[in-house]
C-alpha cells in the first residue's frame with residue numbers, strides 16, 4: 001500500500017532537485033564562460049535575429065559575470081523551492097512557460113543589436129506566478145505566499161520594469177507576464193478543452 005506522505009515528500013524532493021540542477025548548470029556555465037573569456041554569452045537572445053532564437057533556451061543559464069549570477073541565484077532558489085513543493089513537473093512547467101514568454105517577448109520587442117542574457121526573466125516569472133496563483137486557485141495559503149513575495153521583492157520587481165541601459169527590462173516584463181500565464185494555465189481544477 002502506497003504511503004501518501006512519502007509520495008508527497010518524494011515529489012517535493014524531485015522538485016528541489018530540479019531547482020538544484022538548474023542552479024548548478026548556471027554556475028557551471030558561468031565558470032566555463034569566465035575561463036573562456038565570456039564567449040558563451042554570444043548565445044543569448046538577439047532580437048529579431050534567427051540565430052538569436054537559440055537564446056530563448058540558453059539565455060536564462062548565461063550571465064554577465066558572477067555578480068549578475070549571484071543576484072539572480074538567490075531569488076531563483078528561494079522562489080523555485082516554493083514552487084518545487086508541487087513537484088518537479090510543476091517547476092519544469094512554470095519554468096518552460098515563463099522562459100518561452102520571456103524569451104519570445106524579448107526577441108520580438110527589444111532593440112536591435114542588443115544581447116540579452118540572465119535568469120532575471122525567469123525570476124520575475126516565478127514571482128508573478130507565486131503572486132497570482134492564489135488568485136486563480138482561490139487558495140488562502142497561496143495568497144499569503146504571494147503577499148510575502150510582494151513584501152520581500154515587490155520594490156525590486158517594480159524597479160526592474162523601469163527602462164535602464166544595460167538591463168533587459170523587456171525580459172523582466174515578459175517574464176512577469178509569463179508567470180501570470182503559467183498560474184492561469186496550471187490552476188487547479190482546470191478542465192481540459194473538449195476535443
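Output yes when any residue across region 131-152 is in contact (Cβ under 8 Å) with a residue 40 or more places away in the chain, surrounded by 13 or more Cβ atoms within 10 Å (Cβ to Cβ) and closer than 23 Å to residue 55 by Cβ, and no when none is.
The answer is no, given that none of the residues of region 131-152 is in contact (Cβ under 8 Å) with a residue 40 or more places away in the chain, surrounded by 13 or more Cβ atoms within 10 Å (Cβ to Cβ) and closer than 23 Å to residue 55 by Cβ.
Only one residue in 34, 24 is free of Cβ contacts under 8 Å to residues at least 12 places away in the same chain, on the phi < 0 side of the Ramachandran plot and surrounded by fewer than 16 Cβ atoms within 10 Å (Cβ to Cβ). Which one?
On the way: 34 fails: free of Cβ contacts under 8 Å to residues at least 12 places away in the same chain.
Only one candidate qualifies: 24.
Please give the number of the condition residue 95 fails out of (1) over 24 Å from residue 173 (Cα atoms); (2) in a helix (DSSP H, G or I).
Checking residue 95 against (1) over 24 Å from residue 173 (Cα atoms); (2) in a helix (DSSP H, G or I), the one that fails is (1).
May I ask you to list the residues in region 37-56 that are under 18 Å from the mean Cα position of the chain (by Cα) and either surrounded by fewer than 19 Cβ atoms within 10 Å (Cβ to Cβ) or within 19 Å of residue 73 (Cβ to Cβ) (or both)?
44, 53, 54
Can you name every residue in region 60-88 that is touching a residue at least 60 places away in the same chain (Cβ under 8 Å) and in a helix (DSSP H, G or I)? If you could, list the steps in order and put the result at the bottom.
So in region 60-88, the residues touching a residue at least 60 places away in the same chain (Cβ under 8 Å) come out as 60, 75, 79-88.
Those that are touching a residue at least 60 places away in the same chain (Cβ under 8 Å) and in a helix (DSSP H, G or I): 60, 75, 79, 80, 81, 82, 83, 84, 88.
Is there a residue being surrounded by fewer than 24 Cβ atoms within 10 Å (Cβ to Cβ) and more than 24 Å from residue 69 (Cα to Cα) anywhere in region 115-127?
No, because not a single residue in region 115-127 is surrounded by fewer than 24 Cβ atoms within 10 Å (Cβ to Cβ) and more than 24 Å from residue 69 (Cα to Cα).
Read-outs: derived from the displayed coordinates by stated rules, not from any lab. Every value quoted in this text rests on a predicted model; they were computed, and no experiment measured them. Cβ: placed from backbone, ideal geometry, glycine included. Neighbour counts: every protein chain shown.
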